[in-house]
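Since the structure comes first, as structure tokens, the remarks are kept for the end.
Here, each number is a calculation from the coordinates, and none is a lab measurement. The shown structure was predicted, so the numbers you read here are calculated from the model rather than taken from an experiment. Note that we place each Cβ from the backbone using ideal geometry, even for glycine, and neighbour counts take in every protein chain shown.
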């Protein structure tokens, strides 16, 4: 079982629609709801497919794996993403909360999800890609 939760504060200078679109660029198919102050989203494994693809296209598997594993809390993995980068369809892991707020992500599920999203690499290439359908 896997569950994706995403939260972003909408600052007074931002449009809720633009913040929602930024989230959707990284997590296509996520179900969003929100107010003028906050956007929240929930999804399953399908909502992670775009994020999975972008990690490979941007060649940031090692960084992603380190950030995701560092944010482990029980069976959840928590990390932040840059709203500004997300609005351009890019992934960036800010080291701390950004002045305009970050996108907060929580993925609940087994270690296998991290191995699927950001597998271990050698010379920047995945050692082994996992097909989650084999494990569901």
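At a 10 angstrom cut-off on C-beta neighbours, averaged per residue, how do the peptides 102-112, 54-64, 11-21 rank from highest to lowest? Intermediate values should be presented prior to the final figure.
Working: 102-112: 17.8, 54-64: 16.0, 11-21: 13.7.
Listed from highest to lowest mean packing, they are 102-112, 54-64, 11-21.
For mean projected area of the Cα convex hull in nm², the listed values are (i) 15.1; (ii) 8.5; (iii) 7.9; which was obtained by calculation from the structure presented? The value matching this structure is (iii).
Could you calculate the contour length gain from residue 106 to residue 18, that is, 0.36 nm times the residue separation minus the distance between their Cα atoms, to one decimal place in nm?
Working: separation 88, 0.36 × 88 = 31.68 nm, distance 2.10 nm.
Gain in length upon complete extension: 29.6 nm.
Available extension along the chain between residue 31 and residue 7 is 7.5 nm, counting 0.36 nm per residue and deducting the alpha carbon span.
Straightening the chain between residue 69 and residue 125 buys 18.3 nm, computed as 0.36 nm per residue apart minus the Cα-Cα spacing.
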